[in-house]
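Contents: one structure, followed by commentary.
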Amino acid sequence: MRFNYQVIINIIGLLLMLNGVFMLLCIPFSMYFGEGDLIAINWSGLITICVGAILWFVTKDLSNKELKKKDGYLIVTLGWVSMSCFGALPYILSGAIPNFTDAFFETISGYTTTGASILTDIESVHKGILFWRSLTQWIGGMGIIVLAVAILPILGIGGMQLFVAESPGISPDKLQPRIKETAKRLWLIYVMLTGMETVLLWVGGMTFFDALNHGLTTMATGGFSTKNASAAHFSPFIQYVMVLFMFLAGTNFTMTYFGLHGQFKKVIRNEEFRFYLGTCVLLTAITTFAISLTSDTGFEQSFRDGLFQVVSVVTTTGFVSADYTQWSSFITILFFIMLFIGASAGSTSGGVKIVRHVILLKNSILELKRQLHPSAIIPVRFNRIAVPRDITFNILAFIMIYISIFSIGSIVMASLGVDLETAMGSVATSLGNVGPGIGSVGPVDNFAHLPMFGKWFLAFLMLLGRLELFTVLMLLTPYFWRKL
């Protein structure tokens, strides 16, 4: 199979142009606060738009508009990398992060909604740059690829291959038969919930700028904050609002769609949603009880801190209301395990995802039954539907590869001189797109002190996690590049 390089370059150009337009949205904040970042943002946006326009213009007369599956995987990966390279320009040109390694790390952490940061004093960064930092997470949350899917049909290019490449393994539910309509409805829900949270946070006492930034990064399950203390800087009411919207952001958007249309029976009957809700409730109860045993804080604060941190980590958002590594060793281990959970498929969260854990658990239990009844045909059922064997094998392969990458990654980071706890924590949180980990990259720490190669390696793991392993790993195999 030959690659359609003309259409690949054309779409990358389109993505860069969209990226540049988003950069220019930061201009009103730069002008209003007048902190000296206006020129840097202007130039960053114009450079990105111009480069994208050149790529798009030279390939606009497409002789072959067919987009094959291989092309889709290549576009998604190259799209994220190219957007991250150009997305680092505002940091570099403004002097906020003059080092390209650090700027790229911060940018890809934004686009992949990981939330790992190298900034040591967030509040000293200019407001226009801070807004761009939050905007990278909002763009990456739903995926600028999905946004492009709604535009590509205008160019006469089908977008299904991009949507599949964005969510490999578990096929996302379609709200409408046409992929274009699906993308539009997903973005409508995304924008609406972002607006609702922004208003509630503003009413709750945040400044409009802080409310907007946290609305963007909460719905993206990203976790970038405008304050050094993250969510701990704000009132209990604001923290409860953030918990609600983190939970919604970690819910399958199809279930959110049903809920908004009053179809609550479909939501309650959904097996993944029940496990997701039950996991958050159980872990919150355990954490609250453990905090109350080791701390003299009142029940309400113990419950709020436990609830906030559990939802934040399970949904891979990464906001911080308290340092969970200081509560007890038991809680530290518990939260380390949470780095591997993830929320719902079809949400903006990262991680392994609840649906994979459930199907793996069910398949493991059925294997015990098959040992007693070797001739019996007992399918794995999810939402009362038999799961095809190829999906089960895909999940088993995914989890095996995920654990292997975590193990190898921890060895790589430890070989760079990083202590074992930090090595494991940094790899787990980067691969799961969570943000805070354990060790010296815990909830109140950052990634600035890590060696340069370690930052590039973790950036690669962030991309792997965001694109759910297979999309990127396939590009590293000789078979992918072989002409068939």
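Out of the range 309-414, which trypsin sites (Lys or Arg not before Pro) are coil in DSSP terms and have no more than 16 other C-beta atoms within 10 Å? Mind showing how you got there, number by number?
Values: sites: Lys353, Arg356, Lys362, Lys369, Arg370, Arg381, Arg384, Arg389; in loops: Lys353, Arg384.
Answer by residue number: Arg384.
Ordered by the number of other Cβ atoms lying within 10 Å of each residue's own Cβ, fewest first, Lys69, Lys455 fall into the sequence Lys69, Lys455.
Helix-only estimate, please: 222 nm mean residue ellipticity of the chain, summing -39500 (n - 2.57) across DSSP H runs of length 4 or more and dividing by its residues, to the nearest 500. Write down the numbers at each step before the final one.
Working: 23 runs with 312 residues, N = 484.
Value at 222 nm, helices only: -20500 deg cm²/dmol.
Label-to-label distance for Asn99 and Glu300 is 4.4 nm, based on points extended 7 Å past Cα in the beta-carbon direction. Beyond 27 Å in Cα-Cα separation lie the following of the pairs Lys266/Lys362; Lys184/Lys483; Lys362/Lys455; Lys68/Lys455; Lys69/Lys362: Lys184/Lys483; Lys362/Lys455; Lys68/Lys455; Lys69/Lys362.
Translational diffusion of the chain, estimated by Stokes-Einstein from the Kirkwood radius over alpha carbon pairs at 4 °C in a medium of 1.567 mPa s, is 57 µm² per second. Peptides 287-293, 313-319 ranked from most to least packed by the mean count of surrounding Cβ atoms within 10 Å: 313-319, 287-293. Per the Debye calculation on the range 264-405 with a single equal scatterer at every Cα and no solvent contribution, log₁₀ I(q)/I(0) for q = 0.14, 0.15, 0.21 Å⁻¹ amounts to -0.76, -0.84, -1.24.
At a Förster radius of 56 Å, what calculated FRET efficiency corresponds to the Cβ-Cβ distance of Gln6 and Ser375, to the nearest 0.05?
Numbers: r = 54 Å, r/R0 = 0.97.
Computed FRET efficiency for Gln6 and Ser375: 0.55.
In terms of Cα atoms, the Rg and Dmax of the range 397-484 work out to 13.9, 51 Å. Restriction of the chymotrypsin sites (Phe, Trp or Tyr not before Pro) in the range 1-43 to DSSP coil positions whose beta-carbon has at most 15 other beta-carbons within 10 angstrom yields Phe3. Pair-distance distribution P(r) for the range 338-413, from all Cα-Cα distances in 10 Å bins starting at 0: 17, 43, 28, 11, 1 percent.
Within the same chain, aspartates and glutamates fewer than 8 places from Lys227 are excluded, and of the rest, those with a Cα less than 20 Å from its Cα are Glu35, Asp37, Asp102, Glu106, Asp121, Glu123, Glu197, Asp210, Asp305, Asp323, Asp445. For Lys266 and Ala53, the FRET efficiency from 1/(1 + (r/R0)^6), where r spans their Cβ atoms and R0 equals 51 Å, is about 0.70.
Read-outs throughout are calculated quantities, based only on the coordinates presented, and are distinct from any laboratory measurement. Just so you know, these numbers come straight off a predicted model, no measurement behind them. So basically every Cβ, Gly included, is an ideal-geometry build from the backbone, and we count neighbours across all protein chains shown.
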